[in-house]
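The values are calculated or read from the model by the stated rules, or taken from the named source; none is laboratory data. This is a predicted model, so every value here is computed, not measured. We place every Cβ from the backbone using ideal geometry, glycine too, and count neighbours over all the protein chains shown.
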Amino acid sequence: MPSATPWGQLPILEVDGKQLTQSSSISRFLGRTFNLCGENAWESAKCDEYVDATNDLINEWVGFRFNETDEARKAERKAKFIAELMPNCLQKLESIKEKNDGDYLVGKKLTWADIDVADKLQTLEDDINPTVLEGYPNLQKFKNAVFSLPRIAAYVEKSGYTYKGLDNCLGKA
Ligand SMILES: N[C@@H](CCC(=O)N[C@@H](CS)C(=O)NCC(=O)O)C(=O)O
């Protein structure tokens, strides 16, 4: 049966009757539209770097969490994720944040990468363990700064959005 979506997947953003898919493409488009790509081409590229690097981590999380069907392999991949892949990535982000003054990852202003990465950190807290950011004080501060932005806080409050929420939707909680 032909898919109802362009690539057979969600999310989809619809703008003026046109469809855009792929979460990072959607986020980057919104970043450009709302001037959240940093002050210059370099800052824009650093946004891409941080989002792509954390996509690698999250793709592995999706791999064992949702796609892996062999239970032994799932447990093995999850253990490696918790012991190695996630702490390596969090440590790198911690030092990136430590070196950048202010609240955000790139430059002095909020970028789409901040929203993307803060959301991924929230996903890890929701799905792996609420304590995953312990030992990463700069990341905790960063995530809180993003989620305290009034319009983001209002959105989270209204939607009740977390990945636990997604599991509830899928009947897996
Ligand atoms: N690379 C894609 C991955 C999207 C993806 O995996 N979407 C899942 C839901 S989160 C999906 O629609 N899967 C199809 C299905 O479950 O039938 C993106 O970042 O948007």
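Could you tell me whether Asp52 is crowded, with 19+ Cβ neighbours inside 10 Å, within 16 Å of the ligand (Cβ to nearest atom) and of a type in the set (D, E, K, R)? Taking the combined requirement at face value, the residue does not satisfy it.
The residues on offer are Lys141, Lys120, and the sole one that is in contact with a Ser or Thr (Cβ under 9 Å, 6 or more places away or on another chain) and not in a loop (DSSP other than H, G, I, E, B) is Lys120.
Taking segment 98-132 as the range and being within 17 Å of Lys78 (Cα to Cα) and surrounded by 21 or more Cβ atoms within 10 Å (Cβ to Cβ) as the test, the residues that pass are Leu121, Leu124. Return only the number of the condition from (1) within 16 Å of the ligand (Cβ to nearest atom); (2) free of Cβ contacts under 8 Å to residues at least 12 places away in the same chain; (3) surrounded by 11 or more Cβ atoms within 10 Å (Cβ to Cβ) that Ala45 does not satisfy. Going through the list (1) within 16 Å of the ligand (Cβ to nearest atom); (2) free of Cβ contacts under 8 Å to residues at least 12 places away in the same chain; (3) surrounded by 11 or more Cβ atoms within 10 Å (Cβ to Cβ), Ala45 breaks only (1). Taken over segment 3-19, the criterion of being near the ligand (Cβ under 10 Å from one of its atoms) and either aromatic (Phe, Trp, Tyr) or outside any loop (DSSP other than H, G, I, E, B) (or both) is satisfied by Trp7, Ile12. Does segment 26-36 contain any residue that is within 15 Å of the ligand (Cβ to nearest atom) and either in contact with a Lys or Arg (Cβ under 9 Å, 6 or more places away or on another chain) or free of Cβ contacts under 8 Å to residues at least 40 places away in the same chain (or both)? Checked against the condition, which is being within 15 Å of the ligand (Cβ to nearest atom) and either in contact with a Lys or Arg (Cβ under 9 Å, 6 or more places away or on another chain) or free of Cβ contacts under 8 Å to residues at least 40 places away in the same chain (or both), segment 26-36 yields at least one hit.
Being acidic (Asp, Glu) and outside any helix (DSSP H, G or I), is that true of even one residue in segment 40-52?
We begin by selecting, within segment 40-52, every residue acidic (Asp, Glu); these are 43, 48-49, 52.
Next, from what is left, pick out any that are outside any helix (DSSP H, G or I): none.
No: segment 40-52 contains no residue that is acidic (Asp, Glu) and outside any helix (DSSP H, G or I).
Considering the conditions (1) under 18 Å from Asp127 (Cβ atoms); (2) not assigned by TED's automatic domain parsing to the domain that holds Asp126, Ser3 is excluded by exactly one of them, (1). Going by what's in this entry, would Thr162 be described as polar (S, T, N, Q), assigned by TED's automatic domain parsing to the domain that holds Arg65 and at pLDDT below 95? In short, yes. When both residues are 6+ apart or on different chains and their Cβ atoms are under 7 Å apart, which pairs have a first residue that lies in segment 1-23 and is within 23 Å of Thr33 (Cα to Cα) and among the aliphatic types (A, V, I, L, M), and a second that is away from the ligand (no atom under 11 Å from the Cβ) and not in a loop (DSSP other than H, G, I, E, B)? Filtered contacts from segment 1-23: Ile12/Gln19; Leu20/Phe29.
Suppose the filter is surrounded by 13 or more Cβ atoms within 10 Å (Cβ to Cβ), on the phi < 0 side of the Ramachandran plot, within 15 Å of the ligand (Cβ to nearest atom) and not assigned by TED's automatic domain parsing to the domain that holds Thr131; does Ser23 pass it? Talk me through it step by step, then tell me what you get.
Numbers: surrounded by 13 or more Cβ atoms within 10 Å (Cβ to Cβ): yes; on the phi < 0 side of the Ramachandran plot: yes; within 15 Å of the ligand (Cβ to nearest atom): yes; not assigned by TED's automatic domain parsing to the domain that holds Thr131: yes.
Answer is yes for this residue.
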